[in-house]
1. Identify, please: which residue in the range 43-64 is exposed (fewer than 15 other Cβ atoms within 10 Å of the Cβ) and aliphatic (A, V, I, L, M) and is, among those, nearest to the chain's Cα centre (by Cα)?
2. For D112, state whether it is among the acidic types (D, E), farther than 30 Å from K12 by Cβ, surrounded by 16 or more Cβ atoms within 10 Å (Cβ to Cβ) and modelled with pLDDT of 95 or more.
3. Could you check how many residues of the range 384-434 are of a type outside the set (D, E, K, R), outside any helix (DSSP H, G or I) and farther than 30 Å from V255 by Cβ?
4. Suppose we keep only residues that are acidic (D, E) and buried (at least 16 other Cβ atoms within 10 Å of the Cβ) within the range 407-448. Which one would you say is modelled with the lowest pLDDT?
5. Being at pLDDT 95 or above, surrounded by 23 or more Cβ atoms within 10 Å (Cβ to Cβ), away from the ligand (no atom under 12 Å from the Cβ) and in the same structural domain as D95 (by TED's automatic domain parsing) is the requirement here; does I22 meet it?
6. Being modelled with pLDDT of 95 or more and within 17 Å of the chain's Cα centre (by Cα) narrows it down to one residue among P174, P169; which is it?
7. Report, by residue number, each residue of the range 220-245 that is among the aliphatic types (A, V, I, L, M), within 30 Å of F167 (Cβ to Cβ) and either in contact with a Cys (Cβ under 7 Å, 6 or more places away or on another chain) or free of Cβ contacts under 8 Å to residues at least 60 places away in the same chain (or both).
Amino acid sequence: MTNAFSLFSALKERIARRDARIATVGLGYVGLPLALTISEAGFPTTGIDLNEKRVAGINAGERTISYFADDRIAKAIAGARFRATSDFAVLGETDIILICVPTPLSPARAPDLTYVIRAAEGIAEWLRPGQLVVLESTVWPGATATVVKPILERKGLRAGEDFYLAFSPEREDPGNHKYDTKSIPKIVGADDARSRELIDMFYSRIVSRTVPVSSLATAEAVKLAENSFRTVNIALVNEMKVAMEAMGVDVWEVVRAAATKPFGYMPFYPGPGIGGDCIPVSPVYLSWRAKDVGSSLPIVDLAQSSNDHAPDLIAGRVAVELSKDGGKPVKGARILILGIAYKKDVEDTRESPALAILNRLEEMGAACDYHDPYFPVMPVTRDHPALAGRRSVELSEVTLAGYDAVLVTTDHTAVDYGLVARSSRLLLDTRNALDGRGVVAGRRYVKI
Ligand SMILES: NC(=O)c1ccc[n+]([C@@H]2O[C@H](COP(=O)([O-])OP(=O)(O)OC[C@H]3O[C@@H](n4cnc5c(N)ncnc54)[C@H](O)[C@@H]3O)[C@@H](O)[C@H]2O)c1
């Protein structure tokens, strides 16, 4: 029996016994739920994050992610199968390492793999024969093999022989109460048979279903295909919204009715633009890579550009509706932005269109406040750092009546929309949060 084969068999046995030691590198929206799910499946799991404050909060059992059950983290810590650390040395004692670090865009809007490279360098320091390394972060097809693998091989160990390398894209949907890490099927891909077998065997014990694919690049491409599909369809429905409004047709009613077709249609809803670190980012990764290999994705590019302009269109529409309402110019108008998170019921403002709209309206001379139950204080954001420190306004009949317009940008469940409808002079709704319900005489409600 060769040494390589015995290492492979040993890891398989550890996975089968559920005593393989797991580490997730990155404890954010993806890494933390993944680490907890793995520890809940019985594997001893350590989460590594460079953010020491986050690590301390997790080890103290704090509910770091708002949509988690109150005691999920505390229970995992108390059960002694999960802990967090900032020390990469723990990697020396682990069997499977999952990389869940950010993959944003650079200021020039190109893929930025800096975090992945740094994580791979940290892992390379501790890499030993027999370990399985899995990249979960969204990257362009080819990145695991051409960027991560050479870093891991720097000290002479070979992927597929001495250690194992796989890609398994995260499909986490923060705040989704119907599907969680466990119930979302997991794509698993690798370039060699042993790595593929190990990743499939491991995730078969964690999630309800695994979907093996033939290579690292295929697994990477699946994630980008899913998100690019969303990008194109969101752009399409926002375009339809404008055209159908001109036809006197409510696009929301159209989508609801069309969604009753049991095949060939999937509902996407209009909104103020796209946000989060996935939908605005993945199509850029795919398109960038297409150009890199001498191809192109003009439909994806057009959808991306359309989505990028959505906040500007909404800001312009606010100005138009204000001017109709007794001829108030946007310059000098007082506007309340309702919701700054990029989507409902999450405490995440990354790439949030609400902030772009707020910023644009202020450039047009409006005075904006915001309300968001998840953000009592405006956090520092990459695109709008100057907005940091502002405070969320309390919602009351008096405060709401003081604004020339209230703009619903995020349809958080916790907001009292009855109060908003009763008290706002001009209520502009980008999310169909009210669908006309609760609007009283003398108040104007417009879906925009
Ligand atoms: N958030 C989502 O909804 C979602 C869904 C699917 C996929 N993804 C993808 O998953 C990846 C991670 O996204 P996220 O939302 O969890 O990011 P995040 O910003 O919430 O968390 C990333 C964490 O990694 C830590 N980190 C960064 N570099 C590190 C390093 N070298 N070593 C250790 N820790 C490090 C950061 O401190 C942070 O806590 C991205 O590629 C993203 O595109 C995200």
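1. Filtering the range 43-64 for residues exposed (fewer than 15 other Cβ atoms within 10 Å of the Cβ) gives 51-53, 56, 60, 62.
From what is left, the residues that are aliphatic (A, V, I, L, M) are 56, 60.
On the way: A56: 23, A60: 25 Å.
So, considering only residues that are exposed (fewer than 15 other Cβ atoms within 10 Å of the Cβ) and aliphatic (A, V, I, L, M), the one nearest to the chain's Cα centre (by Cα) is A56.
2. Details: among the acidic types (D, E): yes; farther than 30 Å from K12 by Cβ: yes; surrounded by 16 or more Cβ atoms within 10 Å (Cβ to Cβ): yes; modelled with pLDDT of 95 or more: yes.
So D112 passes the test.
3. Initial filter on the range 384-434 (of a type outside the set (D, E, K, R)): 384-389, 392-393, 395-396, 398-403, 405-410, 412-415, 417-421, 423-424, 426-428, 430, 432-434.
Next, from what is left, pick out any that are outside any helix (DSSP H, G or I): 384, 388-389, 392-393, 395-396, 402-403, 405-410, 412-415, 424, 426-428, 430, 432-434.
Within this subset, residues satisfying the condition of being farther than 30 Å from V255 by Cβ are 384, 388-389, 392-393, 396, 402.
Residues flagged as of a type outside the set (D, E, K, R), outside any helix (DSSP H, G or I) and farther than 30 Å from V255 by Cβ within the range 384-434 amount to 7.
4. Keep residues of the range 407-448 that are acidic (D, E), which gives 411, 416, 429, 435.
When the remaining residues are screened for being buried (at least 16 other Cβ atoms within 10 Å of the Cβ), the result is 411, 429, 435.
On the way: D411: 96, D429: 96, D435: 82.
Per the stated criteria, the residue is D435.
5. Details: at pLDDT 95 or above: yes; surrounded by 23 or more Cβ atoms within 10 Å (Cβ to Cβ): yes; away from the ligand (no atom under 12 Å from the Cβ): yes; in the same structural domain as D95 (by TED's automatic domain parsing): yes.
Here the answer is yes, as I22 does meet what is asked.
6. Residue meeting the stated conditions: P169.
7. Looking only at the range 220-245, we keep the residues that are among the aliphatic types (A, V, I, L, M), and these are 221-222, 224-225, 232, 234-237, 240, 242-244.
Remaining after also requiring within 30 Å of F167 (Cβ to Cβ): 221-222, 224-225, 232, 234-236.
The one that is among the aliphatic types (A, V, I, L, M), within 30 Å of F167 (Cβ to Cβ) and either in contact with a Cys (Cβ under 7 Å, 6 or more places away or on another chain) or free of Cβ contacts under 8 Å to residues at least 60 places away in the same chain (or both): V222.
Yes/no matrix, rows are residues, columns are (1) buried (at least 18 other Cβ atoms within 10 Å of the Cβ); (2) within 16 Å of the ligand (Cβ to nearest atom):
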site	(1), (2)
V237	yes, no
E245	no, no
K261	no, no
Y265	no, no
G275	yes, yes
I279	yes, yes
R289	yes, yes
S296	no, no
A315	yes, no
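The values are calculated or read from the model by the stated rules, or taken from the named source; none is laboratory data. Because the structure is a prediction, the values reported are computed rather than measured. Note: ideal-geometry Cβ built from the backbone for every residue, glycine included; neighbour counts use all protein chains shown.
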